[in-house]
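Reviewing the structure listed below.
The values are calculated or read from the model by the stated rules, or taken from the named source; none is laboratory data. Nothing here was measured: the structure is a model prediction, and the numbers come from that model. We place every Cβ from the backbone using ideal geometry, glycine too, and count neighbours over all the protein chains shown. All accessible areas refer to the heavy atoms of the entire protein, side chains included, with ligands and DNA or RNA removed. Shrake-Rupley method; radii C 1.70, N 1.55, O 1.52, S 1.80 Å.
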Amino acid sequence: MDAILDTLRQFDALRDEDNFQTEITDRIKPEYAPSSVFDHLDPQLRDRLDGLGIKRLYDHQGQAISAALKGQNVVLEAPTASGKTLAFAIPVLQSLMQGRDAHALFIYPMKAVAMDQRTQLLSLHKGLSDSGHIPIESWTYDGDVTPEQRKWLRESPPSMLMTNIEFINYSFLAFSDVWEQFLENLKWVVIDEIHEYRGYFGTNAAMVLRRLVHHLSSKGRTPNFFMATATCANPLEHAQNLTGIDFELVSARESLQPRSEYLFVDPDIPHHQYWPILQLRAAKAALALCQLGKSAIIFCPTRQFAEQSYRLAVSEWNKLHHDTVASDSIQIYKGGMNAEDRHEILDGLKGGEVKIVFSTNALELGIDVPGLDAVVMVGFPDNVMSARQQLGRAGRSYRSDGLVIYYARNNPLDSFYARNLQTFLNKPLDEVVVDTANEEIADAHATCVLYESDVDAFNGNEGILGEGVSKIVKKMISEGQTPVRSGKYRPHRNVAIRGATRDPVWELEVDSKPLGNISSYQKFKEAYDRAILLQGGVKYRVSGFRSDSSKSIVELAREETNHRTDAYPLKNININDFFAGAKWGDDLEAMLCHIAVYEYIAQVTERVEGSDETIDRWNPKDSAFRSHGHSFRLKFMGFDPEVAAMAALEQILRVGVRFNIPADEHDTYTFCDTKECEIYIVESYPGGIGIVKKAYEKWQDVLREGMQVAKSCRCVSGCPYCIVPPRRTEEIDKRSGLRLADQLLDASRGDETHELIAGTWKPRTVTA
């Protein structure tokens, strides 16, 4: 560790004034399964494993394989780099070799994972054939596959297909008739990284998977399921919630791990220069690791942060080596890249030609890079699960050593973990939650159910489909609302799996040539009118927008400039309806409500990079974004607080949610209406996924948690290390905010005097 610290200081990636902690965790050696597990395998498969040097299996692999070969649905919980792929590949290959024309379906949450898994599977099934001597093959079926290839795969499906939830919905279920040859002999459904299926995305994924089980069941097909995770506290419950069927749990939590060195840094950076200096720290940490001969992934909090850090690293590399061309050993990887570029970068990382990759969380999951030495996490991820996934990329074998460097951003959660390394290492995993009772999300799925199967097939499958979908399907059947099956129409396009909008992607083009894509919300925040956008370390100016029947396009023009653009978004919120609430006299209300949110960019300022020098200002065109969500509202009528106190109270609640309720950072935001003395915690999904409901049920605990964070900080009025969010310009007074919080807790100490029933306040009846 001393050599690492010295090199980081040499490159100015670590300074003496920084607050940092170090720790080393010992290697945990695995336990092995008895060799008899191989006795039940086809001789071809045994020989193939032996040829690859796989002569013994870990104990958890043996347990999972044995349970799967007995026909049980298995969910395997095991650490990263513990051989989960081999655990499900062996029983799948065994089934495919025994049954002619048998098939297996593999479902992954991200393209990079599917691509990596196929590479691993290819090494296993190479040269194997089924009982009819037909070679076993595997292919991916996702957005990177051309229409011609997709048509060929549907007509002549291989033994194994790797896909994602979107294509299960839009293709395998929407066009199940053209998949009949594949689905009629489906023996296995494998779902890896199940902890990724949580919240809004997870709730949609659960409804899609339950529809798949329902559809197969209606045809008399019951394939086996195998699920796997490394970072889920409730894997058995979650597997059953995702599919509606029973599973056998094989658990190997903390059964093996590499020796790991941890360096957690809370950097001493002036607040007004925080982001540019933090980007430079990330770039210099990458170069320090290069100097040490280590390969690494630098996980960045946003696409733009990754772009800037990558650009700085290449620039610093050129200064050090006096080269005029950037080193190909430093690359950037992010969502929206072309498939060819993604493949090339991953192949280079695995082959050793690429040493450093700056990435968003696109490389967080399941990428097997045996030689990867280190991970740099810039900012704490959305949750502990994601943090463990990221640090699990380093030291991809219990025999190797791993290095994890963590830089905190200037916010309470980041700073807390940077200063409490042991707390992080000992923190239990989060439980993963999906809500299959959410009727707003279920509505589009219910229409799909009746399109995919006859009405008669629904009876008896209510438990599989889940409460939300089943309730709506029953109503539709009773009212005779069955979808018309005609032409090209499919209701499946109305299912917004990863977001609440039906148009989630904008294509980026330069001179009519594709450069990548971004979501609608990213376009609103980053690619507004005349914005300067970084892509692959190159600056582009947004020159226009256009749409046709098939896609929406952001037109870009390359621009050599030292300028940046800063946008100033505003929000308007309208309440649609209230549906739960509690009231304490005439002083205080806590309520759940639906709201409509209208966001727009009020102004854009163009500045010289690294300074506040203003070059231009303008009001952008096409800069609006509309959504609606689920919200908790706290209204205090009997108080007359200062605006700065309310602003502080809003942030105290925001921080309390992050520490008290497991949720991704982008799942919620807060909003304060100073005129009406109201504060909102907003959940960004129609119908909600349970976060604000929990906030409503335990709002006093949320408030106390935020107060504790604010009180423990030595600042006077509030700072980024306690309650001030990044780029906050409004005045915040922590002391008056804490006093207001105490007043609200005092006002709510007694029993509620009223409750909201059918939209009307009713006196609450207190029983003895």
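For the range 612-621, filtering for residues that are loosely packed, with under 12 Cβ neighbours inside 10 Å and either at pLDDT below 85 or in a loop (DSSP other than H, G, I, E, B) (or both) leaves 3.
Conditions tested, residue by residue: (1) more than 24 Å from residue 172 (Cα to Cα); (2) open to solvent by 30 Å² or more (accessible area, probe 1.4 Å); (3) modelled with pLDDT of 90 or more.
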site	(1), (2), (3)
523	yes, no, no
534	yes, no, no
537	yes, no, no
545	yes, yes, yes
556	yes, no, yes
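Whenever a residue of the range 342-357 is more than 16 Å from residue 294 (Cα to Cα) and surrounded by fewer than 18 Cβ atoms within 10 Å (Cβ to Cβ), it has no partner that is modelled with pLDDT under 80 and small (Gly, Ala, Ser) lying with C-beta atoms less than 6 angstrom away and at least six residues away or across chains.
If you go through the range 404-449 and pick out every residue that is open to solvent by less than 10 Å² (accessible area, probe 1.4 Å), in a helix (DSSP H, G or I) and aliphatic (A, V, I, L, M), you end up with 5. The numbered conditions (1) under 29 Å from residue 234 (Cα atoms); (2) surrounded by fewer than 18 Cβ atoms within 10 Å (Cβ to Cβ); (3) of a type outside the set (D, E, K, R); (4) in contact (Cβ under 8 Å) with a residue 40 or more places away in the chain are all true for residue 514 except (1).
Residue 44 meets all of the listed conditions (1) open to solvent by less than 30 Å² (accessible area, probe 1.4 Å); (2) modelled with pLDDT of 90 or more; (3) part of a helix (DSSP H, G or I) but one, namely (1).
For the range 166-182, the set of residues classified as free of Cβ contacts under 8 Å to residues at least 40 places away in the same chain, part of a helix (DSSP H, G or I) and buried (at least 16 other Cβ atoms within 10 Å of the Cβ) consists of 167, 171, listed by residue number.
Condition check ((1) farther than 21 Å from residue 188 by Cα; (2) of a type in the set (Ser, Thr, Tyr); (3) over 29 Å from the mean Cα position of the chain (by Cα)) across all residues:
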| position | (1), (2), (3) |
| --- | --- |
| 36 | yes, yes, yes |
| 41 | no, no, yes |
| 49 | no, no, yes |
| 62 | no, no, yes |
| 69 | no, no, yes |
| 76 | no, no, no |
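When residue 243 is tested against (1) more than 20 Å from residue 405 (Cβ to Cβ); (2) open to solvent by 20 Å² or more (accessible area, probe 1.4 Å); (3) in contact with a strand residue (DSSP E or B) (Cβ under 9 Å, 6 or more places away or on another chain), only condition (2) is not met.
Take the residues in the range 367-391 that are modelled with pLDDT under 80 and among the β-branched types (Val, Ile, Thr), then tell me which one is surrounded by the fewest Cβ atoms within 10 Å (Cβ to Cβ). Out of the qualifying residues, it is 384. Scanning the range 254-294 for residues that are part of a loop (DSSP other than H, G, I, E, B), open to solvent by less than 50 Å² (accessible area, probe 1.4 Å) and under 21 Å from residue 22 (Cβ atoms) yields 258, 267, 269. The set of residues in the range 273-312 that are in contact (Cβ under 8 Å) with a residue 12 or more places away in the chain and β-branched (Val, Ile, Thr) comprises 297, 298, 302. So, residue 597, is that one over 30 Å from the mean Cα position of the chain (by Cα) and β-branched (Val, Ile, Thr) or not? Criteria not met by residue 597. Of all residues in the range 1-14, count the ones that are in a loop (DSSP other than H, G, I, E, B) and closer than 23 Å to residue 423 by Cα. The number of residues fulfilling the criteria is 2. Please verify whether residue 628 is open to solvent by 60 Å² or more (accessible area, probe 1.4 Å), at pLDDT below 80 and assigned to a helix (DSSP H, G or I), treating the condition exactly as stated. The answer is no for residue 628. Per the listing 466, 460, the residue uniquely at positive phi and either within 22 Å of the chain's Cα centre (by Cα) or open to solvent by less than 20 Å² (accessible area, probe 1.4 Å) (or both) is 466. For the range 124-167, the candidate set comprises residues that are at pLDDT 90 or above and of a type in the set (Ser, Thr, Tyr); within that set, the residue that is nearest to the chain's Cα centre (by Cα) is 163.
Scanning the range 556-611 for residues that are in a strand (DSSP E or B), within 15 Å of residue 679 (Cα to Cα) and acidic (Asp, Glu) turns up just one, 589. Any residue in the range 172-181 that is within 27 Å of residue 450 (Cα to Cα) and at pLDDT below 90? No, the range 172-181 contains no residue that is within 27 Å of residue 450 (Cα to Cα) and at pLDDT below 90. Please indicate, with yes or no, whether at least one residue in the range 592-608 is open to solvent by less than 20 Å² (accessible area, probe 1.4 Å), of a type in the set (S, T, N, Q) and touching a helix residue (DSSP H, G or I) at 6+ places or on another chain (Cβ under 9 Å). No, the conditions are met nowhere in the range 592-608.
Scanning the range 661-707 for residues that are modelled with pLDDT of 85 or more and of a type in the set (S, T, N, Q) turns up 670, 674, 700. Of all residues in the range 203-228, those being of a type in the set (Gly, Ala, Ser), in contact (Cβ under 8 Å) with a residue 40 or more places away in the chain and surrounded by fewer than 24 Cβ atoms within 10 Å (Cβ to Cβ) number 2. In the range 15-31 there is at least one residue matching the filter, namely being within 33 Å of the chain's Cα centre (by Cα), in a loop (DSSP other than H, G, I, E, B) and crowded, with 16+ Cβ neighbours inside 10 Å. Report whether or not residue 325 is assigned to a loop (DSSP other than H, G, I, E, B), out of contact with any Phe, Trp or Tyr (no Cβ under 7 Å at 6 or more places or on another chain), under 30 Å from residue 427 (Cα atoms) and at pLDDT below 75. For residue 325, the condition - assigned to a loop (DSSP other than H, G, I, E, B), out of contact with any Phe, Trp or Tyr (no Cβ under 7 Å at 6 or more places or on another chain), under 30 Å from residue 427 (Cα atoms) and at pLDDT below 75 - is not met.
Yes/no per residue for (1) at pLDDT below 95; (2) aliphatic (A, V, I, L, M):
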position	(1), (2)
212	no, yes
256	yes, yes
281	no, no
300	yes, no
